[in-house]
Ligand code: AMP
Ligand code: MG
């Protein structure tokens, strides 16, 4: 067959992502969860601060609270009382005296400056201040950091260690988040065996369900694992039906390659509207996407590297959109030099696996992980990035600039 006619029928990764994101609509269901349960969840609404931060005027230093009018060079002010963090001063504060104050302590009413203790001379008659003063110095004002009713987090944000302590500092005990996505998952293939079972002739272990499951867990999905489904029309139909009735999205692997797509297509045609794409990417050429009766459907290719790469490149943005994670960012890409020559045929966007590291001179450099077959999962386990080679590019010489995409936490680095 003419190579270029074949190539022209392929759809680009960007087109595929665009079609997927255009079709998908985010979940609208909101639930309120305790802050301690909120890690990994997506904010459903902006979070509004119920208080001012700081809530009261407090001292930024250990030192002395004064009324500036009382302070004159060389004049000793007796100490009339003490204010500690959590223990305010409420006593009588005579004119011409000062209050000992510690960092974080409420500033006594009437004080208009705090003088740091390093600028105070303690004498028998009291404390002498010889440094110039500025009104309000060393006093943190209420609401200086965050104002009451101010929005502190936007909607569509993933909550983690950078956000939740902020909410804790505001005393926010519950947060409105989008319900977790329910994802049903199964592998297809007569040759597949679950881990923990011996292999008979012609069998291989089911890698894909494991890979996809782990990535789904990290994305905070509720997982419905339907196991391995045999290449049998009735069994597949039953699996698709059950998955569709229980989940927001169904993810299968296998059965979408040239030899098997017609068969799967026949089954799915009865259950929904599914497109079988030939993607202009490598690995991961066959991919199916569409809508079943109740849920979205993604059919990953069977080869483990292809399944992982298509999940990462296509399903990850889909899940972000469905789960309301509107602030999700695609993995960052960098330009680095390759230390190795890379084999590449023009026509498809390659996601080769590489190891990016810092050379002695400080710049980044990438090495290939070696064998790039779509069944070689060790290329992912040894790698820490994709080497993204443009669709029309051919072989790459050592020393050329290439684009790399460091794996995000889904692939564990
Ligand atoms: P298929 O897309 O079903 O034609 O499968 C393509 C290749 O991937 C075949 O060599 C399958 O044996 C292999 N394969 C399919 N599913 C899995 C799986 N879950 N784990 C490991 N290999 C698989
Ligand atoms: Mg198969």
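Just name the residue that is farthest from residue 228 (Cα to Cα) out of those in segment 189-203 that are surrounded by 10 or more Cβ atoms within 10 Å (Cβ to Cβ) and away from ligand 2 (no atom under 16 Å from the Cβ).
In this case the residue turns out to be 199.
Select from segment 234-287 the residues that are part of a strand (DSSP E or B) and within 13 Å of ligand 2 (Cβ to nearest atom) and list them in ascending order.
If the condition is that a residue be part of a strand (DSSP E or B) and within 13 Å of ligand 2 (Cβ to nearest atom), then 252, 253, 286 are the ones that fit.
Under the condition of being within 14 Å of ligand 1 (Cβ to nearest atom) and surrounded by fewer than 21 Cβ atoms within 10 Å (Cβ to Cβ), which residue from segment 237-258 is modelled with the highest pLDDT?
Among residues in segment 237-258 that are within 14 Å of ligand 1 (Cβ to nearest atom) and surrounded by fewer than 21 Cβ atoms within 10 Å (Cβ to Cβ), the one modelled with the highest pLDDT is 257.
Name every residue in segment 85-119 that is farther than 18 Å from residue 56 by Cβ, surrounded by 20 or more Cβ atoms within 10 Å (Cβ to Cβ) and touching a residue at least 40 places away in the same chain (Cβ under 8 Å), in order of residue number.
If the condition is that a residue be farther than 18 Å from residue 56 by Cβ, surrounded by 20 or more Cβ atoms within 10 Å (Cβ to Cβ) and touching a residue at least 40 places away in the same chain (Cβ under 8 Å), then 115 is the only one that fits.
Inside segment 203-231, can you point out the residues that are without any contact (Cβ under 8 Å) to a residue 60 or more places away in the chain, within 13 Å of ligand 1 (Cβ to nearest atom) and not in a strand (DSSP E or B)?
Residues satisfying the conditions are 203, 206, 209, 210, 213, 230, 231.
Look through segment 6-20, keep the residues that are surrounded by 14 or more Cβ atoms within 10 Å (Cβ to Cβ) and out of contact with any strand residue (DSSP E or B) (no Cβ under 8 Å at 6 or more places or on another chain), and return whichever of them is farthest from residue 310 (Cα to Cα).
Going through the qualifying residues, I end up with 7.
Does segment 323-333 contain at least one residue that is more than 30 Å from residue 28 (Cα to Cα) and crowded, with 20+ Cβ neighbours inside 10 Å?
There is no residue in segment 323-333 that is more than 30 Å from residue 28 (Cα to Cα) and crowded, with 20+ Cβ neighbours inside 10 Å.
If I go through segment 62-74 residue by residue, how many of them are modelled with pLDDT of 95 or more, surrounded by fewer than 19 Cβ atoms within 10 Å (Cβ to Cβ) and assigned to a loop (DSSP other than H, G, I, E, B)?
2
Output the residues belonging to segment 36-58 that are crowded, with 18+ Cβ neighbours inside 10 Å and in contact with a helix residue (DSSP H, G or I) (Cβ under 8 Å, 6 or more places away or on another chain).
38, 47, 53
One residue is enough: does segment 377-394 have a residue meeting the conditions part of a loop (DSSP other than H, G, I, E, B), closer than 19 Å to residue 313 by Cα and modelled with pLDDT under 95?
yes
The values are calculated or read from the model by the stated rules, or taken from the named source; none is laboratory data. Keep in mind that this is a model prediction, so the values were computed, not measured. Every residue, glycine as well, gets a Cβ built from its backbone with ideal geometry; the counts of neighbours run over all protein chains shown.
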